[in-house]
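Accompanying notes for the structure given below.
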Amino acid sequence: MADVVTRAPGTAPSGLAPSGWLLAARQLRFWLTNYRRTWRGSIYSSVLNPVLFLGAIGLGLGSLVNAHHHLHGVSYLAFLAPGLLAAAAMETAVGESTYPVYGSLKWNKVYQAAVASPLRPVDIFHGHVLFVTLRLAMNSAIFLAVAAAFGAVQSKWMIAALPVAVLTGLAFATPIEAWAVTRTRDTSFTMIFRFFMIPLFLFSGVFFPITQLPGWLQPVAYLTPLWHGVSLCRALNLGTADLGQVAIDAGYLAALAAAGLLAGNRTYRRRLYV
């Protein structure tokens, strides 16, 4: 097969012993080197996304919401911004965990080159997860800065929404990446964007409380990782978070991210080893 390299699992060329995340850092360096050539395009979208959403919906539509609805003394902008932060993390995670993975396997053969080195499939997977984590942290920090400039930050605890947003993104990134590496065609990625990401974006509490959804749909929304990210980010911004909520929401997201890591360790090994 053209997209695999034959080598016994757990071995490395030249007798090098695997060294866990130190080898993953080598793969991370590749992604950082590649990003040096493309960062300008992504930085524009990272800044424009919060500016346009917070300006058009938070301030524009928000003026109508504030005039006709009571949000317990909270402006719609302050209500919306934490939800958009979590949703932006989801969007970044899905984007970085689909086509970049497929392209590295089928188009530019990056994975084949890496697995022919001392790197193991798990190192290749972990290296990309590290890169996605950095991208999530960067985009979330920019979003928080823009939200603060718009006056959407209501509590000093909003700074804790940065790691929460990163964790929300990882809850999507690791399972999707574990699945993406098994794909032999990229057509299924459009299904992820159209029938998974967009419905979550609209119906996970980003723009309105999910209590306004039909009763039968509310339990489904509660099960989505985006709702837990939105709920925790919003509670931090409004100063209403408590230890129980933090434990439930963060624990749920961490469990999904960990499950994705375990699944990815297996799917990368199966795909890149014969």
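Does Asn66 fit the bill of being over 30 Å from Arg270 (Cα atoms) and open to solvent by 30 Å² or more (accessible area, probe 1.4 Å)? Explain how you work it out, then say what you get.
On the way: over 30 Å from Arg270 (Cα atoms): yes; open to solvent by 30 Å² or more (accessible area, probe 1.4 Å): yes.
Yes: the conditions hold for Asn66.
In segment 69-94, which residue that is outside any helix (DSSP H, G or I) and touching a residue at least 12 places away in the same chain (Cβ under 8 Å) is surrounded by the most Cβ atoms within 10 Å (Cβ to Cβ)? Full working, then the answer.
Applying the first criterion (outside any helix (DSSP H, G or I)) to segment 69-94 yields 69-75.
Imposing the further condition that a residue be touching a residue at least 12 places away in the same chain (Cβ under 8 Å) reduces the set to 74-75.
Working: Val74: 15, Ser75: 18.
The qualifying residue surrounded by the most Cβ atoms within 10 Å (Cβ to Cβ) is Ser75.
Please go through (1) in contact with a helix residue (DSSP H, G or I) (Cβ under 9 Å, 6 or more places away or on another chain); (2) surrounded by fewer than 15 Cβ atoms within 10 Å (Cβ to Cβ); (3) modelled with pLDDT of 90 or more for Ala56 and return the number of the only condition it doesn't satisfy.
Answer for Ala56: the failing condition is (1).
Scan segment 133-142 for residues that are open to solvent by less than 10 Å² (accessible area, probe 1.4 Å) and under 24 Å from Gly20 (Cα atoms) and report the count.
1
Tell me which helices (runs of 4 or more DSSP H) are completely within segment 101-209 and hold 3 or more residues being touching a residue at least 40 places away in the same chain (Cβ under 8 Å) and in contact with a helix residue (DSSP H, G or I) (Cβ under 6 Å, 6 or more places away or on another chain), or say none if there are none.
110-115, 121-149, 161-180
Check segment 95-114 and report whether any residue there is polar (S, T, N, Q), surrounded by fewer than 24 Cβ atoms within 10 Å (Cβ to Cβ) and closer than 25 Å to Leu48 by Cβ.
There is at least one residue in segment 95-114 that is polar (S, T, N, Q), surrounded by fewer than 24 Cβ atoms within 10 Å (Cβ to Cβ) and closer than 25 Å to Leu48 by Cβ.
I need a count of the residues in segment 224-274 that are open to solvent by 30 Å² or more (accessible area, probe 1.4 Å), of a type in the set (Gly, Ala, Ser) and within 30 Å of Ser104 (Cα to Cα).
5
Report yes if Tyr252 is modelled with pLDDT of 95 or more and under 30 Å from Gly62 (Cβ atoms), otherwise no.
Taking the combined requirement at face value, the residue satisfies it.
Could you check segment 121-132 and list, in sequence order, the residues that are farther than 15 Å from Ser42 by Cβ and open to solvent by less than 50 Å² (accessible area, probe 1.4 Å)?
Pro121, Val122, Asp123, Ile124, Phe125, His126, Gly127, His128, Val129
The values are calculated or read from the model by the stated rules, or taken from the named source; none is laboratory data. Every value quoted in this text rests on a predicted model; they were computed, and no experiment measured them. Neighbour counts are summed over all protein chains in view; Cβ atoms, including those assigned to glycine, are modelled from backbone coordinates with ideal geometry. When the accessible area is computed, the model is the full protein with side chains, heavy atoms only, and any ligands, DNA or RNA have been set aside. Shrake-Rupley method; radii C 1.70, N 1.55, O 1.52, S 1.80 Å.
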